[in-house]
Amino acid sequence: MGSITLKNVSKVFGAHAVIPSIDLDITDGEFVVFVGPSGCGKSTLLRLIAGLEDVSDGEIIIDGRNATELPPARRGLSMVFQSYALYPHMSVRSNIAFPLKMAGEDKAAIDKKVEDAARVLNLTDYLDRKPRQLSGGQRQRVAIGRAIVRQPEAFLFDEPLSNLDAALRVNMRLEISQLHQQLKTTMIYVTHDQVEAMTMADKIVVLNRGRIEQVGSPLELYRRPDNLFVAGFIGSPKMNFISGAQAANHQAHTIGIRPEHLVLSKDHGTWQGTVGVAEHLGSDTFLHVNADGIGTLTARVSGDFAVTHGDRVFLTPDPQRLHRFDEKGMAIR
Amino acid sequence: MARNVSTGRKLITTVVAWTIAILIFFPILWTFLTSFKTEAQAIASPPVFLFFDWTTENYSEVQSRSDYLKHFMNSVVVSFGSTLLGLLIAIPSAWAMAFAPTKRTKDVLMWMLSTKMMPPVGVLVPMYLMFRNWGLLDTRTGLVIVLTLINLPIIIWMLYTYFKEIPGEILEAARMDGASLAKEIIYVLTPMAIPGIASTLLLNIILAWNEAFWTLNLSAAKAAPLTAFIASYSSPEGLFYAKLSAASTMAIAPILILGWFSQKQLVRGLTFGAVK
């Protein structure tokens with residue numbers, strides 16, 4: 001079983017507190033994504049859980065057992081690294097077999113487990129190759145293979161897809177999600193890509209400057225962000241923020257409206273503006289509108305809506321989907 | 001885009017390169033040629049280059065007068081022994097400095113290197129006395145120890161440079177996979193650093209083989225390596241250039257052959273990490 005609990009975990013490098021103090025509960029079988037901008041401490045947090053860094057304070061409980069002082073190998077976790085971190089001098093077979101060999105399993109059992117893992121990951125034909133003879137996607141699958149043979153309590157993924165090209169990334173994203181459904185093992189996944197977070201996670205942990213901004217399911221974060229940071233970070237294109245008189249009309253310091261919740265019209269609406277840039281994606285069009293007295297607003301409209309640079313348009317926010325924030329940036333509900 | 005190089009320019013570069021190469025190689029060639037001359041031809045003025053009566057009598061005389069094989073074996077034991085012992089100490093040290101550095105790591109590295117800047121003669125007397133008191137004078141063990149110590153800074157520096165090139169994530173992966181520190185070094189770090197370790201090994205064998213100051217001062221008859229073998233043909237018995245040359249040729253031949261066959265490895269090792 002793979003439940004993980006962090007109690008007041010902190011990490012200090014010199015005088016700099018990368019993670020001031022974090023409490024978090026991860027239940028068995030969950031797919032949890034740590035997301036945040038670079039430098040927010042998400043990878044450090046993962047490394048603390050892995051045991052690759054020592055905590056400065058607090059406790060890490062894995063399966064009810066205090067693992068704070070345990071070395072990485074004895075925490076029952078497997079990790080997939082951003083750079084794959086395959087052993088370049090070993091064949092694919094030896095790479096996948098390495099953790100089993102370290103655990104002292106006998107050769108017949110190792111062979112069987114390696115074959116099984118290779119079958120799951122479509123690597124059977126590549127078992128005798130060296131990592132350098134594989135493509136990026138195949139290397140990543142070997143890294144995953146090496147992680148699954150141990151049957152760990154939980155998998156840790158540190159930005160595993162960021163070295164892959166866009167098309168492969170979408171494929172691997174799907175493969176990892178399918179793997180999770182198949183294995184039903186806890187997975188903790190670190191990424192800076194909110195699309196990965198939204199599509200894969202059961203639970204997203206949004207981190208900023210070493211602090212947890214919000215924890216929730218993807219749709220909870222999308223629909224009910226707790227603060228300006230989460231509201232701006234989750235969703236693509238980003239939520240529009242408006243402050244000043246327009247916000248005061250809604251008894252708020254700042255109001256936020258997502259691009260897809262702005263209704264566009266050519267003849268009537270709440271705010272008027274001029275189309276600056278129109279990005280045509282085919283299915284949708286992203287319009288960057290210079291709204292009079294407000295600033296630039298991004299609107300997402302149907303790809304069929306005919307509009308070009310310089311057109312005058314009206315934008316109306318959906319009042320049900322308007323987010324209000326106080327002067328501290330916290331959501332007003 | 002490749003640069004256009006004119007034929008004239010190519011010719012000049014080739015001539016210059018060959019000239020430098022021959023200049024560097026000439027003393028070795030001259031020693032080799034002299035070893036086949038008679039003593040009279042060896043000191044003839046003007047010197048004779050290729051047209052003399054080739055003779056191998058210097059070699060047979062050198063062999064009959066002093067036991068080449070004994071010195072050769074001493075050289076092998078001392079240079080290989082000191083290199084292997086050095087690697088055994090240096091691999092974990094370089095590992096620690098490359099992958100678990102502290103605030104003082106750079107200082108320690110500089111301090112180790114600084115010991116190479118000191119003239120060895122400065123510590124000759126205390127070293128000699130220590131060796132005498134510990135019964136290490138004129139023993140292979142003593143020479144292995146002293147050569148290990150004097151070359152250790154270079155071995156550690158070279159290995160440190162190679163290890164720095166190995167991504168830390170791979171070692172972390174090994175740790176996650178359950179490898180203990182020793183297993184991490186044996187199964188992951190060492191195989192990955194083989195090119196670096198091999199060139200360190202070769203370079204150090206060559207350095208140890210050629211080391212003359214300590215081997216001459218701390219050995220006499222029993223443990224004397226080839227450096228002492230050459231030295232025995234210089235001043236004490238007058239200058240016998242032809243015999244001295246024969247002894248030198250015999251002494252440098254093994255290491256020259258080793259260097260020749262491993263030059264690819266050596267060059268690769270020495271330029272390792274220069275270009276990513």
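Summary of computed values
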quantity	calculated
Lone qualifier among A:Val206, A:Val195 - being surrounded by 19 or more Cβ atoms within 10 Å (Cβ to Cβ), of a type outside the set (S, T, N, Q) and either assigned by TED's automatic domain parsing to the domain that holds A:Phe31 or under 14 Å from the mean Cα position of the chain (by Cα) (or both)	A:Val206
Any hit, segment A:285-296, residues being within 21 Å of A:Phe229 (Cβ to Cβ) and at pLDDT below 95	yes
Selected residue (criterion: nearest to A:Ile22 (Cα to Cα)) from residues of segment A:53-76 that are within 13 Å of chain B (Cβ to nearest Cβ) and without any contact (Cβ under 8 Å) to a residue 24 or more places away in the chain	A:Asp54
Number of the condition not met by B:Leu207 [criteria: (1) under 22 Å from B:Leu87 (Cα atoms); (2) in contact with a Phe, Trp or Tyr (Cβ under 7 Å, 6 or more places away or on another chain)]	(2)
Matching option when the condition is of a type in the set (Gly, Ala, Ser) and under 30 Å from the mean Cα position of the chain (by Cα), among B:Ala44, B:Ala17	B:Ala17
Residue within segment B:86-101 that is assigned by TED's automatic domain parsing to the domain that holds B:Ser219 and among the hydroxyl-bearing types (Ser, Thr, Tyr) present	yes
Test: residue in segment A:9-17 that is within 26 Å of A:Ile234 (Cβ to Cβ), more than 10 Å from chain B (Cβ to nearest Cβ) and not hydrophobic (A, V, I, L, M, F, W, C)	yes
Leading residue by the ranking (nearest to B:Thr249 (Cα to Cα)) among those in segment B:83-119 that are part of a helix (DSSP H, G or I) and among the small types (Gly, Ala, Ser)	B:Gly86
Residue selected from segment B:156-183 under the condition at the interface with chain A (Cβ under 7 Å from one of its Cβ atoms) and touching a Phe, Trp or Tyr at 6+ places or on another chain (Cβ under 7 Å), by the criterion surrounded by the most Cβ atoms within 10 Å (Cβ to Cβ)	B:Ala173
Which listed residue is at pLDDT 90 or above and not in a helix (DSSP H, G or I), from B:Phe52, B:Phe80, B:Phe26, B:Phe36	B:Phe36
Subset of segment A:80-120 [within 13 Å of another protein chain (Cβ to nearest Cβ) and either on the phi > 0 side of the Ramachandran plot or within 28 Å of the chain's Cα centre (by Cα) (or both)]	A:Val80, A:Phe81, A:Gln82, A:Ser83, A:Tyr84, A:Ala85, A:Leu86, A:Tyr87, A:Asn95, A:Ile96, A:Pro99, A:Gly104
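Quick grid of which residues meet (1) in a loop (DSSP other than H, G, I, E, B); (2) touching a Ser or Thr at 6+ places or on another chain (Cβ under 7 Å); (3) facing chain A (nearest Cβ under 10 Å); (4) surrounded by 15 or more Cβ atoms within 10 Å (Cβ to Cβ):
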site	(1), (2), (3), (4)
B:Ile145	no, no, no, yes
B:Ile154	no, no, no, yes
B:Tyr187	no, no, yes, yes
B:Pro191	no, no, yes, no
B:Ile206	no, no, no, yes
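The values are calculated or read from the model by the stated rules, or taken from the named source; none is laboratory data. Note that the structure is predicted; figures quoted are calculated from it, not measured. Reconstructed Cβ throughout: ideal geometry from the backbone, glycine too, with neighbour counts over all protein chains shown.
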